[in-house]
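Student: Just dropping this structure here.
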Amino acid sequence: MLTLGRWIRLPIPKLEQMLILAGGAAGISAAFNTPLAGVVFAIEEMARSFEERNSGTVLTTVIISGFVSMAVVGNYTYFGRTDAVVSLAQGWQAILVCGLGGGILGGLFARILMAISSGLPGRVGIWTQSHPYFFALACGFGLALLGLLSGDSVYGTGYEEARGLIEGKHILPASFGLLKMLASILSYASGIPGGIFAPSLAVGAGLGANMQGLMPLVPVGALCILGMVSYFTGVVQAPITAVVIVMEMTDDQSLTLPLMAAALLAFGVSRLVCPKPFYKTMAQGFIAAAKPAA
């Protein structure tokens, strides 16, 4: 990778270190057929640039929370287990459709939430600020309508619905994914979001299941997982996190390369729709709001 970078003369500062790291990660992935290990290797090498004390704090926190979780609920997989696989001939179509769709819808979702956080424009914004309880009531009424349209499937985190789709045990309306997305927007607008992480995975599973009609030969479980990774990546613009978390939640490593490809595609598309990362933007807003007035 270093030789290639010098050969094509890429005009990027500090490119050599990045190319060496990428080449080492790719070498591990190819030599041992362990793409996840290659990614983890790259993450650990990049983490060396952070202050050692901060890295130790993060690791300690993760380890403690893991032990506490196992002590309370045991060792489990959040969305159960699946053995869904796709062939190379079928996989590229699923990756393309899920990656593009998840990136567009996820980026649009994040952009809408950031716009809501900045305040609704015009008279609507003025009315919501002066009548917050009536606005929350209107949002609740909208959620109730979505619940009726979806057969009561859009309430809560969407855990049961997503797990049922992956395991092929639930039959949900074809509109579940979009309705769940609208429900998350209304919940966020009301000031009581109830979470973005898990609902986004449920939305992705629903959108992936919708692709079954276009690709009937691809297992619906595989489409749901690809949809989850793609949409979640589109929302938070963290492709590695999306791949790893879905793999751990489903205890399935057979879709590693398709998931990475879909996440990368969704990430690129989401950046075009929503240039600013959602959680980083929200954190900046929280920091600004927490500063005392001058």
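Student: Only one of these is in the same structural domain as Gly177 (by TED's automatic domain parsing) and surrounded by fewer than 24 Cβ atoms within 10 Å (Cβ to Cβ): Ile225, Ile240. Name it.
Tutor: Ile240
Student: Could you tell me which of the residues Leu178, Leu182, Leu186, Leu172 is farther than 24 Å from Leu137 by Cα and either touching a Phe, Trp or Tyr at 6+ places or on another chain (Cβ under 9 Å) or touching a residue at least 24 places away in the same chain (Cβ under 8 Å) (or both)?
Tutor: Leu172
Student: Now for a different question. Just need a number here: residues in region 194-242 that are modelled with pLDDT under 85, under 15 Å from the mean Cα position of the chain (by Cα) and assigned to a helix (DSSP H, G or I).
Tutor: Total satisfying the criteria: 6.
Student: Just need a number here: residues in region 121-150 that are without any contact (Cβ under 8 Å) to a residue 12 or more places away in the chain and either within 24 Å of Cys274 (Cβ to Cβ) or not assigned by TED's automatic domain parsing to the domain that holds Gly191 (or both).
Tutor: Residues flagged as without any contact (Cβ under 8 Å) to a residue 12 or more places away in the chain and either within 24 Å of Cys274 (Cβ to Cβ) or not assigned by TED's automatic domain parsing to the domain that holds Gly191 (or both) within region 121-150 amount to 5.
Let's see how each residue does on (1) modelled with pLDDT under 90; (2) assigned by TED's automatic domain parsing to the domain that holds His170; (3) buried (at least 18 other Cβ atoms within 10 Å of the Cβ):
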site	(1), (2), (3)
Val68	yes, no, no
Phe79	yes, no, yes
Asp83	yes, no, no
Ala94	yes, yes, yes
Gly107	no, yes, yes
Ala110	no, yes, yes
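Student: For region 120-162, give me the residue count where each residue is over 30 Å from Ala222 (Cβ atoms), surrounded by 15 or more Cβ atoms within 10 Å (Cβ to Cβ) and not aliphatic (A, V, I, L, M).
Tutor: Residues that pass the stated criteria total 4.
Student: Of (1) crowded, with 21+ Cβ neighbours inside 10 Å; (2) touching a residue at least 40 places away in the same chain (Cβ under 8 Å), Thr256 satisfies all except one. Which?
Tutor: The one condition Thr256 does not meet is (1).
Student: Another one. If you go through region 176-197, how many residues are surrounded by fewer than 17 Cβ atoms within 10 Å (Cβ to Cβ) and small (Gly, Ala, Ser)?
Tutor: Qualifying residue count for the region: 3.
The values are calculated or read from the model by the stated rules, or taken from the named source; none is laboratory data. Predicted, not measured: the structure shown is a model, and the values here were computed from it. Cβ coordinates were reconstructed from backbone atoms using ideal geometry, including for glycine residues, and neighbour counts include every protein chain displayed.
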